[in-house]
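Everything on this sheet refers to the single structure shown next.
The values are calculated or read from the model by the stated rules, or taken from the named source; none is laboratory data. Just so we're clear, the structure is a prediction, and the values are computed from it rather than from any experiment. When we count neighbours, we look across all protein chains shown, and the Cβ atoms used for this are built from the backbone with ideal geometry, even at glycine. Note: accessible area is taken over every heavy atom of the protein model, side chains too, but ligands, DNA and RNA are not part of it. Shrake-Rupley method; radii C 1.70, N 1.55, O 1.52, S 1.80 Å.
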Amino acid sequence: MRVALWSGAVAVVVRLVAAVQEVRSAFFGFAILDERYYDGVARTLLGWPGGVLADGFRPLGYPGLLAAVYGFAGPDAGPAAAILVQHLLGTATGVLVALCARRWARSEAAGLAAGLLWALAGPPLFFEGQLLATTLFTFLTFLQVFIVTGPVGASRRALAGGLTGLLARVRPNGLLLGVAYLVAPLWEKGRRGFRLAAAALLALVAVYLAGSLVEVPWTQAWVPLSASGGSTSISATSEAPMAWCHARTSRCPPPSHTSTPSKRGRCRSSSAPGPDRARPWEPHRATGSGAPSGRFAPVPPAGCA
């Protein structure tokens, strides 16, 4: 208990200081491309203006969390409230890191050292300050590890497998963790090892498929595995999101050419209202109640008046 308290207390203090720096930082005052995508999908799930097409290009696990926070805090305070939730998740992850280290090393000092290293680390703070799936993915990963490394039982292993399925609905590469359950019987001798592996894998598949079915009303198609390929595949010159969208729904604008448009063309398309001018991974330039504001307000391309 002392390891968890000290790790959590230090993490809270560090994140309070980080939150003040984020408010004053010009970098955190401007939303990057992936943040705008997640923010727009969350607004789409809530039926607010300024959303993007939730076409299954990425899973809706993280946008679903954002939508829940936005719905509670409101359209204007929603992004700030989501950042606060992510700092809380980061603090909880630090506690899990400390507890896992204490369990593995069987040492209070080792647990405290691991918790403090997490609390003071820069990369977790960086991602907690942006609306990206990394913080939620990391928290669920360590929660799963904490459960798996605890007392052995079919119910606990099934719970861990269900968390893996949920993890994969945040990022599909979470499915790779399912390989651990396949090889678990190699060191868990006897039939019990196979029963534990079966419980975990069944729960993983059930949660993952259930999550994909829940997304159907928004994706307009069953998408068992999204085609997200990273930032390069949703860049302004990539046709991957368009091809993905057109293969599954008729709600997409026509594919754009891959050549760089002139300044006049960029400014004209930027200022034109309506979803027909917006790419499916960018927020529509909507106004009114629930429309993006602050760091998520639509910004015209550089050089446009």
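Working from label points 7 Å from Cα in the Cα-to-Cβ sense, the ALA210 to ALA92 distance is 1.8 nm. The residues of the stretch 23-126 expose on average 41 square angstrom of accessible surface per residue, using a 1.4 Å probe on protein heavy atoms. Using the alpha carbons alone, the radius of gyration of the stretch 1-158 stands to its Kirkwood radius in an Rg to Rh ratio of 1.03.
TRP218 contributes about 90 Å² of solvent-accessible surface, heavy atoms of the protein only, 1.4 Å probe.
For the stretch 67-116, the calculated P(r) over all alpha carbon pairs, in 10 Å bins from 0 to the bin holding the longest distance, is 29, 29, 19, 19, 4 percent. For the stretch 130-195, the dipole from Cβ point charges (+1 on Lys and Arg, -1 on Asp and Glu) about the Cα centre works out to 260 debye, to the nearest 20. Taking 7 Å steps out from each Cα toward its Cβ at ALA154 and ALA73 produces label points 4.3 nm apart.
Its convex hull of Cα atoms gives the stretch 38-85 a direction-averaged projected area, equal to a quarter of the hull surface, of 2.9 nm². Only protein atoms count toward the accessible area here, which uses a 1.4 Å probe; on the stretch 98-159, the carbon and sulfur part of that area reaches 75 percent. Taking all protein chains together and rolling a 1.4 Å probe, PHE28 ends up with roughly 40 Å² accessible. Between GLN21 and ALA109, the contour length at 0.36 nm per residue exceeds the Cα-Cα span by 28.6 nm.
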